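First comes the structure, then the notes that go with it.
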Amino acid sequence: MWNNLTFCSVCKLAPKPTPLLLPRFLPLAHVLRRRCKGLSGSKPPAQTLQSEGLKRTCSLLPARLVSSKAKRRRYAKTYPVLDGRVLSVYRHVFEENLRNSEAVVKRYSELLELVSKGGGENAILRHTQRNKKLFVRERLKLLLDDESFLELSPLAGLNMPYGDVPAAGCLTGIGKICGVWCVFTANDATVKGGTIYPIGVKKQLRAQEIAMQNRLLSVYLVDSGGAFLPLQSELFPDKSHGGRVFYNEAIMSAMKIPQVAVVCGSCVAGGAYVPTMAEEAVIIDKIGTLFLAGPPLVKAATGEYVSPEDLGGAKLHSRVSGCSDHFASSEKEAYECVRNVISTLNYEPLPEEVTEHDGPLYSSDELLGLAPRDYRCTLPVKLILSRLLDGSRFQEFKADYGTTLVTGFGHVEGHLVGVVASNGELTRDASLKGSHFVQLCSHRSIPILFFQNTAPHAAEPTSISQAEAHSNRLKAQASMMAAVACASVPKITIVIGGCYGSESYVMCGRSFSPNFLFLWPNARVALVDSRHLTTVPQAGGSDSTDESELKHLKQRLEEESSAFYSSSRLWDDGIILPQNTRKVIAQCLQIIEQQKYQVVPSYQHPVIRM
Ligand code: COA
C-alpha cells in the first residue's frame with residue numbers, strides 16, 4: 001500500500017509528521033454539482049461490457065483518444081513503439097487460441113447470465129411483488145452515480161460442495177457515489193433470504209480487505225436472514241468467519257474509512273450487526289427490520305406473537321432503540337439519504353482531470369488469439385503488451401537480459417505503470433531482473449502490473465550442474481518474492497495464462513496481496529498441470545500407477561484448474577475478458593489513486609454507536 005512517504009513524493013511535498021494534509025484540489029460542493037447525476041445512468045454496466053461478444057477486427061487500428069477537455073499529457077511520446085504484428089509463423093497458434101477463447105468466453109457469458117438472475121425468477125417475483133422490495137441490481141442503480149461499476153467476483157459461489165449460491169448471495173463491487181469511489185456490499189435476498197453462506201462471508205471479507213487496502217469508503221445494503229444455519233460450523237467459529245466482518249467494521253472506522261449501511265430488508269442475527277456497527281445507518285419503513293431473533297423465536301420462547309415491525313421496524317429503531325440514524329419512507333429516499341451522508345464525510349474525491357492519451361496501435365480484440373489455450377500455445381508477451389499500453393509504447397528495462405521476464409514502463413490511459421510480464425520460465429536471470437525492477441518501481445512510487453503466465457512444470461535436474469542451476473534459480477526467485485512482497489506500491493495482477501506452482505507467488509499471486517487480481521477466462525490455476533501427472537501419489541510415499549485412478553485424478557485436476565473453478569471460490573477478484581483488460585486496469589488505477597487525496601488522521605479509534 002502507498003504509505004505517507006509515498007504520498008509525499010507523489011504530491012511533491014516534503015514528508016511531514018502526521019496528520020498529513022494532502023492537497024485538496026476541488027471544493028466538494030463543486031464536485032458534487034458536477035457528479036451527482038440523475039438516478040438512471042446511461043452507460044452499460046461493467047458486467048455487460050465484460051460479456052460483450054466477439055467483435056473481432058483483424059485490422060490494425062491506430063486508435064487515438066484525444067479529449068477536447070484534455071488538460072495535460074501523461075505519457076512519454078519518446079518511449080519506443082512495440083511491434084505488435086502477429087507474424088505468419090504464429091498464425092496457427094493464434095487460431096488455436098482464438099477457438100479456445102471463443103469457447104471459454106461463451107461459457108463465461110452463460111454463467112454471468114445465470115447469476116444475474118439471483119435466486120431465480122420465482123424468488124425475484126416473491127421479493128418484488130410479495131415483499132415489496134427492489135431487486136439488488138435495481139438498488140445499485142439508485143445508489144451509484146452511474147451503472148458502470150466494477151463488479152467483483154460475480155461468479156463466486158457457483159458449483160460449491162453445498163450447491164450453487166448465485167454471486168455468493170451478495171453483490172460486491174466498486175462504484176462512484178457523489179464522485180467518490182466506494183466499495184459496496186449488497187445482500188441478494190432472492191438467494192435463500194439473503195442468508196450468509198461460507199462463500200458469502202469470504203466475499204464480504206474480501207470487499208472489506210479491498211476497502212482497507214485502497215482506503216475506500218464502504219456502503220452496505222443489508223437484507224439478510226443472518227447465517228445459513230445448516231452450514232453454521234463453516235461460517236461461525238473461526239477467525240475468518242462471520243464475526244470478522246463486524247471486527248473489520250470497527251477497525252475500518254478506526255482507520256478513518258467511513259461506512260454507511262442501509263437496512264433494506266430483514267436483518268436478523270448476524271445481519272443485524274452490520275448496520276449497527278456502521279458509522280451511520282438508514283432504515284426503510286415497512287421493509288427494513290432489525291433484530292437478533294425474529295418473531296418465530298419470540299413466539300417459541302414466550303408464546304407471544306409480535307409483528308416484525310413492532311419487534312424491530314424502522315420506527316422502533318429510529319425513535320426508541322437508536323440502532324439506526326435515519327428513517328426513510330421508501331427505498332429511493334434511503335439511497336438519496338446515503339448520498340447526503342456521503343456528502344458530509346468531508347472526503348475529497350479525486351480531481352476529475354482529463355488526460356490526453358493514445359490508444360494502443362493494435363486491436364484489443366486480437367488478445368483473444370494471444371490468450372494461450374495452454375502453456376505450449378504461448379506467444380511473445382510483447383504482442384499482448386502492444387494491445388494494452390498507450391500508443392503501444394514501452395520503455396523496456398534490461399531488454400536483453402533474463403528475457404523470459406519482460407519488464408519496463410508504459411502507460412494505461414495516462415497512468416504510468418511498471419510492467420512485469422511472464423515470457424517463459426522464470427530463470428535465475430529473469431528473477432534477478434524482476435527483483436531489481438520491482439524495487440525500482442517501489443522507490444519511484446509507480447504501481448506495478450503483473451501479467452502472469454507461469455510454467456506448469458519445471459524440468460527435473462538430470463545432472464549435478466543442473467541441480468546447482470536450480471538452486472541458484474530458487475535463490476533468485478526468493479529474492480524476487482521478497483521484493484514483490486515488500487514493494488510499497490499498488491499491485492495489480494492479471495493471470496493471462498497459467499498460474500502454476502511457486503512461480504505464481506513470485507508473479508504476485510493471491511497470497512502476495514495484490515490490490516486486485518483478475519483472470520482471463522482461458523487461465524489455468526493449479527499447483528501442477530494435470531498432463532504432468534504420471535503416477536498417483538500415495539499416502540505412504542510410494543507411487544501407484546493404477547491407470548483408472550490416474551485418469552480420475554487427472555480429470556479432477558483438469559476441472560479444478562479452470563478459471564471458473566477459481567473464480568467461484570474467490571481465489572481472484574473475477575474473470576475479465578481480454579479485450580476489456582485495459583479498461584479494467586485503468587479503472588483500478590483510478591480507484592487506487594483516490595487514496596492520494598485523503599486526509600490521514602493521527603488518531604486511531606472507531607466511531608462507537610451511543
Ligand atoms: N438458514 C437457512 N435457510 C434459511 C434461513 C436460515 N437462517 N432463513 C431463511 N432460510 C431459507 C428458507 O428456508 C427459504 O428456503 P426455500 O426457498 O428453500 O423454502 C428461503 O431461505 C427463503 O426464506 P423465506 O422465509 O421463504 O423468505 P422471506 O423473504 O419470507 O423471509 C427471512 C426471509 C430471512 C426474513 C426469514 O426466512 C427468516 O426470518 N429466517 C430466519 C432467520 C434467522 O432466524 N436467522 C438466524 C441466523 S443465526
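Rule-based calculations on the coordinates, nothing more; no lab input. Since this is a predicted model, take the numbers as computed values, not measurements. Backbone-built Cβ (ideal geometry, glycine too); neighbour counts: all protein chains shown.
Normalised by the residues of segment 307-384, what does the relative contact order come to in percent, with Cα pairs under 8 Å and at least six apart?
Details: 23 pairs, mean separation 8.9, N = 78.
Once divided by the residue count of segment 307-384, the mean separation gives 11 percent.
What is the Cα radius of gyration of segment 396-507 over 2.2 N^0.38 Å, N being its residue count? Walk me through the intermediate numbers first.
On the way: Rg = 13.8 Å, N = 112, 2.2 N^0.38 = 13.2 Å.
Normalised Rg, Cα atoms only: 1.04.
Mind checking the dipole of segment 402-500: about its Cα centre, +1 per Lys or Arg Cβ, -1 per Asp or Glu Cβ, Debye to the nearest 20?
Numbers: 6 positive and 5 negative charges, 48 e Å.
Taking the Cα centre of segment 402-500 as origin, the dipole is about 220 debye.
Within segment 299-323, list the residues whose amide N lies under 19 Å from a label point set 7 Å along Cα→Cβ of residue 340.
Only 314-320, 322-323 pass the distance filter.
Treat the count of other C-beta atoms within 10 Å as a stand-in for reagent exposure and order 588, 337 from fewest to most.
Working: 588 25, 337 20.
Ascending number of Cβ neighbours within 10 Å: 337, 588.
What is the spin-label model distance, in nm, from residue 306 to residue 240 if the labels are put 7 Å beyond Cα along the C-beta direction?
3.8 nm
Label points 7 Å out from Cα along the Cβ direction at residue 130 and residue 552: separation in nm?
It is 4.3 nm.
By average Cβ neighbour count within 10 Å, what is the ranking of 560-567, 80-87, 271-278, 474-481 from highest down? Display every interim value, and only then the final one.
Details: 560-567: 20.5, 80-87: 15.5, 271-278: 24.2, 474-481: 19.0.
Highest to lowest by the protection proxy: 271-278, 560-567, 474-481, 80-87.
What distance in nm separates the two pseudo spin-label positions at residue 321 and residue 96, each 7 Å out from Cα along the beta-carbon direction?
Result for the modelled spin labels: 6.2 nm.
Nearest 20 debye, what's the magnitude of the dipole of segment 134-185 about its Cα centre given +1 on Lys and Arg Cβ and -1 on Asp and Glu Cβ? Each step should come with its number before you reach the end.
On the way: 4 positive and 6 negative charges, 20 e Å.
Dipole magnitude for segment 134-185 comes out near 100 debye.
Which length gain, in nm to one decimal place, applies between residue 298 and residue 164 when the Cα-Cα distance is subtracted from 0.36 nm times their residue separation?
Values: separation 134, 0.36 × 134 = 48.24 nm, distance 3.18 nm.
Between residue 298 and residue 164, full extension yields an extra 45.1 nm.
Report, in listed order, any pair from 117/256; 203/299; 192/286; 106/433 with a Cα-Cα distance greater than 31 Å. Write down the numbers at each step before the final one.
Numbers: 117/256 35 Å; 203/299 34 Å; 192/286 20 Å; 106/433 38 Å.
Pairs exceeding the cut-off: 117/256; 203/299; 106/433.
I need the calculated FRET efficiency for the pair residue 88 and residue 138, taking r as the beta carbon distance and R₀ as 60 Å, to the nearest 0.05.
On the way: r = 51 Å, r/R0 = 0.84.
Here the calculated transfer efficiency is 0.75.
Going toward the positive end of the dipole of segment 429-529, with +1 on Lys and Arg Cβ and -1 on Asp and Glu Cβ, which of 456, 435, 502 do you reach last?
Comparing the listed Cα positions along the dipole, 435 ranks first.
Quickly rank 357-370, 94-107, 157-170 as a protection proxy: mean count of other C-beta atoms within 10 Å, highest first.
Working: 357-370: 23.0, 94-107: 17.4, 157-170: 20.8.
Highest-to-lowest ranking by the protection proxy: 357-370, 157-170, 94-107.
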